[in-house]
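Report on the following structure.
The values are calculated or read from the model by the stated rules, or taken from the named source; none is laboratory data. Remember, predicted model here, so these are calculated numbers, not experimental data. Counting neighbours? That spans all protein chains shown, and the Cβs are built from the backbone with ideal geometry, glycine included.
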Amino acid sequence: MKSFIRTLADFRQAEFPREIDLACPEEYMQKKLRSLSRPYKRTEPASTISEGDAVVLTLESELPRFHRPMVPVNVGAGLYDAELEGQLIGHIPGETFAVSVQGKPVTVTVRSASRTTFPEPTDAMAAEYAAGQEGMEGITTVAAFREKIAREYRDDQRQEALFAGMQACMDYVLTRSDWAFDEDELSAIIGDEVSEQRRNLAAEGLNYDTMTDGEISRSFGVEGRAELELLFRQGAEQQIATLLWLAANHGVDSAAYPMQELMEQDLDWSFLEDYVSGQLTFTN
Amino acid sequence: MATIHATEENFDALVAEGVVLVDFWAPWCGPCKLLARELEELEDELPFVNIVKVDVDQCPALAERFHVNGIPDLYFYQDGQVVTHGPGAIPYEEIREQIARMLY
């Protein structure tokens, strides 16, 4: 007995974005241009709060999350609370005022506010930046740097579209096919994974076999051993299913090979890459 | 705040307070340069987060103390305690989300 495919979904039915806009958004460009002017950036006190400012607040509320003596916030970043951050704009350092968050009143005192500004990049900044960077040879003007950023953005978008398409096809097949998993093959893969984790944990002075749920939670970001073992099993199932599918696309009768031999065969993903590439169209 | 380059001697004092990202890196490491760019952008966005860089060639004892087997390796500290760490050039969004969990 070994793992095999009962029914195999057709990856050509997978949906993924096929028309890709390669125009570099100006907001992305401006962020990248900061590389040139970063040595000249200035951080100064802000007289009135606006988006992007760094503020320190004291909050009073019946909501525990919004009852804190000192909380640093980047206004508009949405990292703390977008609803609260939006109500800070226009207020001034030292001011105490009331806002409403999640329908509850919150009293805000602005302890400080600062703003970082970047000067307009110049050709001199571009030349200075390029002198210290690999891959920046010949880039001596802002225009040349912009063109480099736009070119890299286009390349990244093409690559990301290809990966997204391949991933969508893979997810489609893995979730819609029917697989029969052999317990011995699963156990072998899970055993390898556990052995590797044992070694990694031992290097940190931990013993995988005696770790408590709390220790496992801290090391792996899961609830405990039961969830971790379930993840190991799901990982092993995915590994086997992927390999079976890969073999099927190379005309290999996976049922005729032990899993270890399949793993050692030089099976590549060019069939999938070629398919997705042929589906993509690019504009700009 | 600014990015600070640590030494064996000043490391513990640098991570003692607040949210601190410790970047174990080396000048010859390509992925470290990718992470360095992300950390520069992070410093623009979140100036209240401290960034400490540890050159593993200059500070081998610190690299050994943290069992750094590969670089870059980014440690997230809060008030002197390691909260988590991750090897490789962690995506910008993941770093932001981890900081938000620590701060808020």
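Key figures
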{"quantity": "Sole exception among (1) surrounded by 14 or more Cβ atoms within 10 Å (Cβ to Cβ); (2) free of Cβ contacts under 8 Å to residues at least 12 places away in the same chain; (3) not hydrophobic (A, V, I, L, M, F, W, C) for A:P25, by number", "calculated": "(1)"}
{"quantity": "Residue within region B:48-57 that is within 12 Å of another protein chain (Cβ to nearest Cβ) and over 11 Å from the mean Cα position of the chain (by Cα) present", "calculated": "yes"}
{"quantity": "Any chance A:E227 is among the acidic types (D, E) and in a helix (DSSP H, G or I)", "calculated": "yes"}
{"quantity": "Of all residues making up region A:217-252, the number that are more than 14 Å from chain B (Cβ to nearest Cβ) and either under 22 Å from B:P87 (Cβ atoms) or among the polar types (S, T, N, Q) (or both)", "calculated": "9"}
{"quantity": "Region A:81-114: number of residues that are within 13 Å of chain B (Cβ to nearest Cβ) and aromatic (F, W, Y)", "calculated": "0"}
{"quantity": "Only one of A:D266, A:D274, A:D253 that is assigned by TED's automatic domain parsing to the domain that holds A:I190, modelled with pLDDT of 85 or more and of a type outside the set (S, T, Y)", "calculated": "A:D274"}
{"quantity": "Residue ranges of strands (runs of 3 or more DSSP E) in chain B with at least 3 members touching a residue at least 24 places away in the same chain (Cβ under 8 Å)", "calculated": "B:3-5, B:19-25, B:50-55, B:73-78"}
{"quantity": "Subset of region A:200-242 that is among the aliphatic types (A, V, I, L, M) and within 22 Å of the chain's Cα centre (by Cα) - its residue that is surrounded by the most Cβ atoms within 10 Å (Cβ to Cβ)", "calculated": "A:L228"}
{"quantity": "Extreme residue, farthest from A:I190 (Cα to Cα), among residues of region A:237-252 that are small (G, A, S) and in contact with a Phe, Trp or Tyr (Cβ under 8 Å, 6 or more places away or on another chain)", "calculated": "A:A247"}
{"quantity": "Region A:41-80, subset away from chain B (no Cβ under 12 Å) and within 22 Å of B:M102 (Cβ to Cβ), residue surrounded by the most Cβ atoms within 10 Å (Cβ to Cβ)", "calculated": "A:S61"}
